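Here the structure comes first, spelled out in structure tokens, and everything after it is commentary.
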Amino acid sequence: METIITGKIILTPMIPMITALLIIGSKNRPNLRETFSVFGAVLTFLSVLHVLPHVLAKGSYEYTLFTLYPGVSVKFHLDGLGILFAGTSSFLWIMAGFYCVGYMRGLDEHAHTPRGTI
């Protein structure tokens, strides 16, 4: 199969970064913060599933972000092993997101949300 050169593969690692900024921005609003966390996890997993069929057909994705000088580049490459890692970690993020919400709220953790802001 072929290697597809596309910038779309940058979207998948960008989702957790954007999610982290949204979580930081909503620190005093626990319902919104936890919604961002779970939504970011699901969106990341779905973006991994989107590229899965091509990789399962022994294809790969590649994108060069920039080249410092000939032979030295910052490049994203997604193949079978990468999709295995991305799929596993994004799926576990979904499970951890739900677990953390239940754990932190169930035990009324003191560091969950600053007091007096709920």
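The values are calculated or read from the model by the stated rules, or taken from the named source; none is laboratory data. Everything numeric in this text was worked out from a predicted model, so none of it was measured. All Cβ positions, even for glycine, are placed from backbone atoms using ideal geometry, and neighbour counts span all protein chains on display.
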*Only residues in the stretch 30-46 that are within 15 Å of residue 18 (Cβ to Cβ) count as the first member; pair them with residues that are modelled with pLDDT under 90 and surrounded by fewer than 16 Cβ atoms within 10 Å (Cβ to Cβ), Cβ under 8 angstrom, at least 6 apart or cross-chain, and list the lot.*
33/27; 37/100; 38/98
*Consider residue 37 carefully, then state whether it is touching a Cys at 6+ places or on another chain (Cβ under 8 Å), more than 15 Å from residue 10 (Cβ to Cβ) and part of a helix (DSSP H, G or I).*
yes
*Sort out which residues of the stretch 7-48 are over 13 Å from the mean Cα position of the chain (by Cα) and exposed (fewer than 14 other Cβ atoms within 10 Å of the Cβ), and write them in order of number.*
7, 8, 24, 25, 27, 28, 31
*Which numbered condition trips up residue 32, out of (1) within 20 Å of residue 86 (Cα to Cα); (2) modelled with pLDDT of 90 or more; (3) in contact with a helix residue (DSSP H, G or I) (Cβ under 9 Å, 6 or more places away or on another chain)?*
(1)
_the stretch 83-101: number of residues that are closer than 11 Å to residue 41 by Cβ and loosely packed, with under 12 Cβ neighbours inside 10 Å_ = 1
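Please go through the stretch 53-82 and give me each residue that is surrounded by 14 or more Cβ atoms within 10 Å (Cβ to Cβ) and out of contact with any Ser or Thr (no Cβ under 9 Å at 6 or more places or on another chain), ordered by number.
55
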_I'd like to know if the stretch 18-31 contains one or more residues that are closer than 28 Å to residue 5 by Cβ and not small (Gly, Ala, Ser)._
yes
*Taking residue 64 and the conditions (1) modelled with pLDDT under 90; (2) of a type outside the set (A, V, I, L, M, F, W, C); (3) part of a strand (DSSP E or B), which numbered condition does it fall short on, given that it satisfies the others?*
(1)
_Residues satisfying the stated conditions in the stretch 40-61, i.e. part of a helix (DSSP H, G or I) and of a type in the set (A, V, I, L, M)_ = 41, 42, 43, 46, 48, 49, 51, 52, 55, 56
*Assuming residue 4 fulfils every condition listed in (1) aliphatic (A, V, I, L, M); (2) surrounded by fewer than 13 Cβ atoms within 10 Å (Cβ to Cβ); (3) in a strand (DSSP E or B) apart from one, which condition is it?*
(2)
